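Here the structure comes first, spelled out in structure tokens, and everything after it is commentary.
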Amino acid sequence: SAMPSHLQQAILQSLSQQPHAGTQLARCLGVSRTAVWKAIKQLVAQGVPVQHRVGEGYSLSFPYMPLDAEAIATLAFPDSVSPASVLVHNMLESSNGHLLEMARAGAAHGTIVVAEGQSGGRGRRGRSWSSPWGQNLYFSMLLRFDAPASALAPFTLVAGLVLAEVLAHLGATDHGIKWPNDILHEGRKLAGVLCELQGEFEGPCALVVGIGVNVHAETPNPAIDQPWTSLKAAFGLTLDRNLLAGLLARALLQAHQQFCEEGFAAFHARWERWDLLRNQPVKVLHPGRDEPGLALGVNESGQLRVDFGGATRIVHSGEVSIRLGT
């Protein structure tokens, strides 16, 4: 999908204030009625819920506030003299992919990439992540570690924990973490984390923490193959995505520092508070077969313990998918 134009952004900003008739929009923005109609059609194709009611004109079901690098940086690096860069993009194939390339080219610890939309958003285990334009948060942050790659595996859980805590701080309730780091509310996916590693096996390493949060999305999307919800749909929250991005970045930087000093053990008790799988029947999905078991929570290294008929085994997040239920 093409990059949203200045006209599309101007239309969105007008509509997030109040409904407008097409002719009115055309007049305010100094373009033809046809140009407005075409721009709106493209927005709708990108998943932006522009509604049209006879007599009222076009309206938008959420307040559109553009992503703003300065607003994010102010929150992310409150006491930093030289904050890392915050880069706002209109459309990327994937914010993680973009930041991984920047990491290879030497981008600084703490660098943040956010996008209004993604044409090829990625989820865990090669799944795609639905990324309609202007509605949700697509956020990636670069964290550099001196440790070897093997020591970083538990940080993917820490990233999910940080996300759960920030969402609670902003008004989400009754949500939890489906190991390793999906955020669910009443069985529906609210947000997800994808951590991707770049660097030397022995260290140092760069970890790109990708976070997708369904913020304002309300319309059912046939492309999504699992139950999902958003902050707007679940809690009636209309959040400024800049606030969410800034607070996430700040909390991730703090968590990075604590993890480097104390490891996952420092987060273990905090993580258990959010654990949705603990003492629940689960199915471990192997290629061609499902293995039923009982989830027993995570150990001090962040690995999932599962009881398979009396024998407890460790399950690694890279290798399997977990389903709740028998």
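We did not get these values from a lab; they are worked out from the coordinates using the rules stated. Quantities reported herein were computed from a predicted structural model and do not represent experimental measurements. Using ideal geometry, Cβ is built from the backbone for each residue, glycine included, and neighbour counts are taken over all protein chains shown.
Close amide-amide hydrogen proximity is noted between residue 189 and 228, 229, each under 5 Å apart and 5 or more residues distant or on a separate chain (H modeled in the peptide plane; Pro and chain starts excluded).
Projecting the Cα atoms of 8, 304, 251 onto the charge dipole of the chain (Cβ charges, centred on the Cα centre) puts 8 farthest toward the positive pole.
Using C-alpha pairs below 8 Å separated by at least 6 residues, the relative contact order for the chain is 14 percent.
Only DSSP H runs of four or more residues enter the estimate; each adds -39500 (n - 2.57), and after division by the residues of the chain the mean residue ellipticity at 222 nm equals -9000 deg cm²/dmol. Within the range 257-297, the trypsin sites (Lys or Arg not before Pro) that combine a DSSP coil assignment with at most 14 other C-beta atoms in a 10 angstrom radius are 273. Here the dipole of the range 185-290 is about 420 debye; that uses its Cα centre as origin and unit charges on the Cβ of Lys and Arg (positive) and Asp and Glu (negative). Over the C-alpha atoms of the range 154-261, the Rg to Rh ratio, Rh being the Kirkwood estimate, stands at 1.00. When a/c is below 1.5 the answer is rounded, else prolate if a/b is larger than b/c, else oblate, so apply that to the range 1-151 with a ≥ b ≥ c taken from the square roots of the Cα gyration tensor eigenvalues. Prolate, because a/c is 1.5 or more and a/b exceeds b/c.
Relative to the longest principal axis of the Cα atoms of the chain, the long axis of helix 6-17 makes an angle of roughly 90 degrees.
Taken about its Cα centre, the range 234-291 carries a charge dipole of roughly 160 debye when the Cβ of each Lys and Arg holds +1 and the Cβ of each Asp and Glu holds -1.
Rg and Dmax of the range 262-326, based on Cα coordinates, read 12.0, 39 Å.
Between helix 95-104 and the chain there is an angle of about 60 degrees, using the helix long axis and the longest principal axis of the Cα atoms.
For the cross-link pairs 189/283; 178/232; 41/178, which exceed 27 Å when the distance is taken from alpha carbon to alpha carbon? The pairs that break the limit, which is 27 Å between Cα atoms, are 41/178.
Which listed residue (229, 285, 242) has the Cα farthest towards the positive end of the charge dipole for the range 223-326, taking +1 on Lys and Arg C-beta and -1 on Asp and Glu C-beta about the Cα centre? In the range 223-326, that residue is 229. Computed about its Cα centre, the charge dipole of the chain is approximately 1040 debye, with only Lys, Arg, Asp and Glu carrying charge at their Cβ. For the range 62-205, how big is the tail of P(r) above 22 Å, as a whole percent of Cα pairs? Roughly 44 percent, rounded to a whole number. Length available on full extension from residue 27 to residue 59: 0.36 nm per residue minus the Cα-Cα distance, which gives 9.9 nm. First obtain the Kirkwood hydrodynamic radius of the chain from its Cα pairs, then insert it into the Stokes-Einstein equation at 10 °C and 1.306 mPa s, and state the resulting D in µm² per second as a whole number. Using the Kirkwood radius from Cα pairs, D works out to 76 µm²/s.
Geometric descriptor of the range 172-326, per residue, is 150 Å³ (volume of the convex hull of the Cα atoms).
How far is helix 33-45 tilted off the main Cα axis of the chain, in degrees rounded to 10, range 0 to 90? Computed tilt is about 10 degrees.
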